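The values are calculated or read from the model by the stated rules, or taken from the named source; none is laboratory data. It should be emphasised that the depicted structure is a prediction, and the values quoted were computed from it without experimental measurement. Surface areas here come from the heavy atoms of the whole protein model, side chains and all, with no ligands, DNA or RNA. Shrake-Rupley method; radii C 1.70, N 1.55, O 1.52, S 1.80 Å.
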Amino acid sequence: MRPRPVISVLGLGAAAVAGRAQLEALDRDAVTLVPLFFTDVLDQSVSMAGFALAAYAAGDVAVMIPAGRASDRVGRRPFLISGMVVLAASTAVLGMSDSVVVAFVATAIAGAGTGLVAPVIQATVADVLYGGRGGTALSTYQMAQDSGTIAGPVIAELMQVLWNSPFPAM
């Protein structure tokens, strides 16, 4: 069996950032918008908003390891596609809900969608690398992800200060 070529760590970092951008945006939206939705739209307490984030995390944790293991057997694509569909549908239901119970369920299901996608993306990165460099690649991947987590709020604040709006194109 012929080993697959190893791509550069820098190239992997760039691919990881691009491949994870959509999921990270949805994940950050959950952390920033779900509490606001619960407090402002559903008129719930800050504690209830915290419970909603806990429901999101519980959904994520509940399916993350089983999804990763199953994607080893079945393949990556079905989990990537189904996870994004689950995220999109649950986010739509959450946005249209006027019930706390429906919003909690939709938030937990959105977390499960994230749990379907996140480990599969990381496993795909490890699949691309062959030849003992997986540790370096995954640490680069994690660094790129964490850098986005740090830079995102700074960029958003700059956009707010410079254009007086978090969405300057609007």
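Just checking, which of ALA137, ALA108, ALA112, ALA103 is open to solvent by less than 50 Å² (accessible area, probe 1.4 Å), of a type in the set (A, V, I, L, M, F, W, C), at pLDDT 90 or above and over 16 Å from the mean Cα position of the chain (by Cα)? Only one candidate qualifies: ALA103. Condition first: at pLDDT 90 or above, open to solvent by 40 Å² or more (accessible area, probe 1.4 Å) and either of a type in the set (Gly, Ala, Ser) or within 16 Å of the chain's Cα centre (by Cα) (or both). Can you find one or more residues in segment 64-79 that meet it? Within segment 64-79, none of the residues are at pLDDT 90 or above, open to solvent by 40 Å² or more (accessible area, probe 1.4 Å) and either of a type in the set (Gly, Ala, Ser) or within 16 Å of the chain's Cα centre (by Cα) (or both). Within segment 36-51, the set of residues being among the hydroxyl-bearing types (Ser, Thr, Tyr) and either open to solvent by 80 Å² or more (accessible area, probe 1.4 Å) or assigned to a helix (DSSP H, G or I) (or both) comprises THR39, SER47.
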